[in-house]
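**Q** Got a structure for you, written out below as structure tokens; questions coming shortly.
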Amino acid sequence: MIFKRLQEFYHTVEKGRYTQGKETEALLEPLEGLFLFAAFLQKTLRAEGKVFVIGNGGSAGIASHFATDLLKALKIPALTLFDSNIMTCLSNDYGYEHVFSEPLKRLLKKEDLLVAISSSGKSPNILKAAQAALDQKASLITLSGFRFDNPLRFLGGLNIWLEAEDYGLVETGHFFILHTIVDLWKTGFFAKASKKVSKGQLAYVK
């Protein structure tokens, strides 16, 4: 059973789609997608911005882990919005769908990057947070799964979508991809191999 599950996980990650913005037909190769993710991080670092990472449930755990890795391992300012006092206050007063977008309206600057994680790509609070990032003209990266036409995967400057309707596979896939970005950054891979990414792809990182 465990080997069958591993095979399913392999196919989930292998079939992942990396796209830019709303141009769903503009598919990137996985390596290009990883480079584009790194380019957004580099842009944020150069602009002295911050990376905000959000998610619900298991995705919240992934978001917290990724923010910690960015802050500790990569020395990139990063944080989540999971303070229990703030979350319960805002969800009580405005509704849970506004629990991330309300603080982002006040905290997010155009130099910042929001990484929004939702397995279904349909969580109202994640979608509202993504829209808040767009309204603030901040950079946005999305990670989602389940249906190909989920609304989240049309919003980001980079969208990573995994073809599975299985929370375990999608969440594990998201975690694997984010950890891979951290590991490659630490080894200097992105800096050494930056010529592999075309100027046309990186031009999207404005």
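**Q** How would segment 125-171 be classified by its alpha-carbon gyration tensor: rounded, prolate or oblate, with rounded meaning a/c under 1.5 and the a/b versus b/c comparison settling the rest? Can you show the working numbers first?
**A** Details: a/c = 2.51, a/b = 2.25, b/c = 1.12.
Prolate, since a/c reaches 1.5 and a/b exceeds b/c.
**Q** Sticking with this one: Residues with amide H under 5 Å of Ala164's amide H, sequence separation 5 or more or different chain, H placed in the peptide plane at 1.01 Å from N; which?
**A** Those qualifying (amide H under 5 Å, at least 5 residues apart or on another chain) are Phe146.
**Q** Further question on the same structure: For Lys110 and Leu31 in one chain, what is 0.36 nm times their gap in residues minus the Cα-Cα distance, to one decimal in nm?
**A** Full extension of this stretch gives 25.8 nm more.
**Q** What does DSSP give for segment 1-150 in terms of the percent of beta bridges that are antiparallel, rounded to the nearest 5?
**A** Close to 20 percent.
**Q** Would segment 59-174 count as rounded, prolate or oblate if I go by the C-alpha gyration tensor, calling it rounded below 1.5 in a/c and otherwise prolate when a/b exceeds b/c, oblate otherwise?
**A** rounded
**Q** For Glu165 paired with Cys89, estimate the spin-label separation in nm (one decimal), with each label point 7 Å from Cα along the Cα-to-Cβ line.
**A** The two pseudo-label positions are separated by 4.0 nm.
**Q** Quick one: what are the phi-derived ³J(HN,Hα) couplings along segment 135-146, Karplus 6.51/-1.76/1.60 with θ = phi - 60°, whole Hz, x for glycine and proline?
**A** 5, 7, 6, 7, 6, 9, 10, 10, 10, 8, x, 6
**Q** Then there is this: Using every pair of alpha-carbon atoms in the chain, split the distances into 5 Å bins beginning at 0 and state the percent of pairs per bin, rounded to integers.
**A** Spelled out per bin, shortest first, that is 1, 8, 16, 21, 22, 17, 10, 4, 2, 0.
**Q** Multiply the residue separation of Ala73 and Phe148 by 0.36 nm, subtract the distance between their alpha-carbon atoms, and state the gained length in nm to one decimal. Please report the intermediate quantities before stating the final value.
**A** Numbers: separation 75, 0.36 × 75 = 27.00 nm, distance 3.29 nm.
The Ala73-Phe148 span can extend by a further 23.7 nm.
**Q** Here is a follow-up. How far, in nm, would the chain grow between Lys122 and Thr180 when pulled straight, counting 0.36 nm per residue and subtracting the alpha carbon separation?
**A** Here the segment from Lys122 to Thr180 would lengthen by 18.4 nm.
**Q** Over segment 1-152, what is the mean sequence separation of C-alpha contacts under 8 Å (at least six apart), divided by residue count, expressed as relative contact order in percent? Numbers along the way, then the final one.
**A** On the way: 224 pairs, mean separation 29.2, N = 152.
Contact order relative to length: 19 percent.
Read-outs throughout are calculated quantities, based only on the coordinates presented, and are distinct from any laboratory measurement. Since we're looking at a predicted model, the values are computed, not measured. Positions of Cβ are backbone-derived with ideal geometry, glycine not excepted, and every protein chain shown enters the neighbour counts.
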